[in-house]
Amino acid sequence: MTDPELPDHLRVLEDHCVEIARELREPGLVLDEDPDAITKYLDLPAVRLQEAMLIPPRFAAETYRVGGHSFPGGSCLARVVVMDRLAHGDPGVLLASPGPSLAGAAVQALGDEEQQRRFFERFSARPTWTFFALTEHGKGSAAAELETRLVTSDEGLSLHGAKKYIGNGARAQTGVVFCRRAPGPLGIEAVLVDTPAPGFRGELLPIVGLRGVRISELVFDGQRVDPADVLGGDRKPSRRGFLGARQTLTTYRPSLAAMAVGVGDAVLDYVRAERTALPAADELRVADLAGRVRVARRRVREVAAALDAGRPDAHKTSAAKLTATRLAEEATLLAVDLLGPAALLEHPWLDKTYRDVRAFEFMEGSGDVHRLLVFQGALRDPGGGA
Amino acid sequence: MTAAAPPRGTTTTDYAAHLDAAHEAAAPNAVVVGPGGYAFATPERLAADPLWLSGTTGHALRPAAVLPVANRVAAEFGVACARLADPEPGRVVGARTERLRHHLLRAHTRLLAHVVDLTVADLGGRTAAGSPLLGRQLVQAGIADAVLLVEETGGLLDAGVDHDAHPAAFARLVRGGRALLRLLGAASFLTDGPGGAVLTAEQVGTLYLAVRHD
């Protein structure tokens, strides 16, 4: 059902997404078996739309159009509407698709005009996968803790270290790597790298779900970095890498939360379709969760609109992300409960989704990181703003 | 509960042995078949012409065929799934299929106990903002909750918990296991790590423990 509180043009977009999301179910199951199969689905409207949402209008070769409206990239609210409704079809296809992804947000946050042009124009030329390499094993996505080094020598700049749990890392042609040039938070840089390249190695990690994302471990063993690829190199250190990591995550978290909302919604729709006659008590359980999903959707859209208005709220964004991811997981547990003990064996889509949703917990900051941010928000706004 | 306990010393890789021991506890050489004709056991046990035993009626089953059901995550831990095609009920076997469920709960509990150990070891070597992660109250509380769950479930099993309570105990293990895994971050999403082992226990438990089988 379209959100009546959305502006008219976004309601048109939402309806369109509901329609094209249906085409993602089958590809989602295929990618669960063969993550490389994404190349067969690059012409799907949903694949093109998710990419278009992340390309700034001035770098887009063409604008995505629906019903007389054009939808240039850049609006967080439009993006969460898209990711929510498309994830109802399959989140794995979206995350496996080519496009700027989180790396694009980092380039936008930190890059100068020339760096942005070089990065974004390549998407018009050919399908391009990207990665956002922040997380390190044992350090999580805490930018201040990272150990990958950017070394300056007579031969120039080079990267040394390893990143882990990087989406599309082993498939991408380009990406942003967060690294350390000096001790302390001001010593962090973000650099653009192209792959494959000497001194770079990417290996797939076996994961239980969202397999299309091809979570990878990246090793940098002296990969060269052009000084022109240090993002925001002309800025003061306080306005560079560390800030960029935070800005990027703040910008992208609503999209991830929106995907979790869409998946939670999809699971409940699946239960309703498979079990048309539930006992009253079970109907109430489904209705309760559906109501919570609707509230989560509203919260995600509120934080996205605030971000578009230049008033990002990290605390409320964390609350929205945490709530949405937990609801998606709750929905799969409820579905298995209601569809019976053979549910995971007789419903392949549910089995896949049951595994997929747990990934949301770890993407763009773990649940406990967000719980702490919610706590800090409660200190700021006693009563939690309720 | 008088059945022998499954082997001690659960690790993420020997859940499969405990699963076979659970089938054996129901009846010698048996594989208990769950709803829909599905069964989980080691590939060796499934292939060894076992006594197929209905988990709901206690009848021996004669299938027209035994079909493999692919399961990538469970296979990582030596657990396979099969589906019996057109099983016909045979004689009633004097089996104790509730023992399977008791043993599965025990194996799941021991697996979580092992994951607690892994978590403490992993986080014990990590720091955040210069201080040990294990010094953080949020982390300590998460581990303590898992320990309490393991202790409580173990106590219930020692006391011979009524089999009507098996689904509720399993549901607590599922939710508690997931909460524990969150402490390991993205590492718990790896197929070959504790997250894969716990998911395998969830899949097996969903078939055999999620609802009453009487």
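Please treat every number below as a calculation from the coordinates, not as lab data. Since this is a predicted model, take the numbers as computed values, not measurements. Cβ: placed from backbone, ideal geometry, glycine included. Neighbour counts: every protein chain shown.
Structure notes:
- The order of the peptides A:160-169, B:116-125 by mean Cβ neighbours within 10 Å, most packed first, is A:160-169, B:116-125.
- Panel order for A:Arg117, A:Arg214, A:Arg299, A:Arg311, by other beta carbons found within 10 Å of each beta carbon, from fewest to most: A:Arg311, A:Arg117, A:Arg299, A:Arg214.
- Secondary-structure-derived ellipticity at 222 nm for the protein assembly as shown, considering helices only, amounts to -16000 deg cm²/dmol, per-run term -39500 (n - 2.57) for DSSP H runs with n ≥ 4.
- Normalised by the number of residues in the stretch B:1-145, the mean separation of alpha-carbon contacts (under 8 Å, six or more apart) gives a relative contact order of 27 percent.
- Sorted fewest first by neighbouring Cβ atoms within 10 angstrom, A:Arg298, B:Arg91, A:Arg79, B:Arg96 come out as B:Arg91, A:Arg298, B:Arg96, A:Arg79.
- Peptide A:341-349 - average C-beta neighbours from other chains (10 Å radius): 6
- Between 0 and 90°, nearest 10: helix B:15-26 axis offset from chain B longest Cα axis: 40 degrees
- Among A:Ala245, A:Val369, A:Leu339 the positive-end extreme of the charge dipole of the stretch A:241-380 (Cβ point charges): A:Ala245
- Lysine pairs with alpha-carbon atoms under 28 Å apart, chain A, spacing 8 or more or separate chains: 14
- Between the stretch B:167-214 and the stretch A:150-172, the alpha-carbon centres lie 36 Å apart.
- Kirkwood Rh in Å, taken over all unlike Cα pairs in the protein assembly as shown: 25.3 Å
- About its Cα centre, the dipole of the stretch A:128-236 is roughly 380 debye, where the only charges are +1 on Lys and Arg Cβ and -1 on Asp and Glu Cβ.
- Across the stretch A:128-236, Cα pairs under 8 Å and at least six residues apart give a relative contact order of 30 percent.
- The shape of the stretch A:1-114 comes out oblate: with a ≥ b ≥ c from the C-alpha gyration tensor, a/c is at least 1.5 while a/b does not beat b/c.
- Inter-centroid distance (Cα atoms) of the stretch A:35-102 relative to the stretch A:224-241, Å: 28 Å
- The stretch A:318-386 and the stretch B:96-118 have their alpha-carbon centroids 25 Å apart.
- Rg over Rh for the stretch A:143-242 works out to 0.99, both radii taken from alpha-carbon positions and Rh defined as the Kirkwood radius.
- Relative contact order computed over the stretch B:105-158 (Cα-Cα under 8 Å; 6+ residues apart), in percent: 46 percent
- Among B:Val139, A:Val336, A:Val176, sorting on how many other beta-carbon atoms sit within 10 Å of each Cβ, with the fewest leading, yields B:Val139, A:Val336, A:Val176.
- FRET efficiency estimate (nearest 0.05) - Cβ-Cβ, B:Ala141 to A:Gln173, R0 56 angstrom: 0.80
- On Cα atoms only, tilt of B:97-124 relative to the major axis of chain B in degrees: 20 degrees
- Highest mean first, the peptides A:98-104, A:188-194 sorted by other C-beta atoms within 10 Å per residue fall in the order A:98-104, A:188-194.
- Efficiency of FRET between A:Thr276 and B:Thr56 - r from beta-carbon atoms, R0 30 angstrom, step 0.05: 0.75
- The simple Förster model, with R0 at 25 Å and r as the Cβ-Cβ distance, assigns A:Thr63 and A:Arg118 a FRET efficiency of 0.75.
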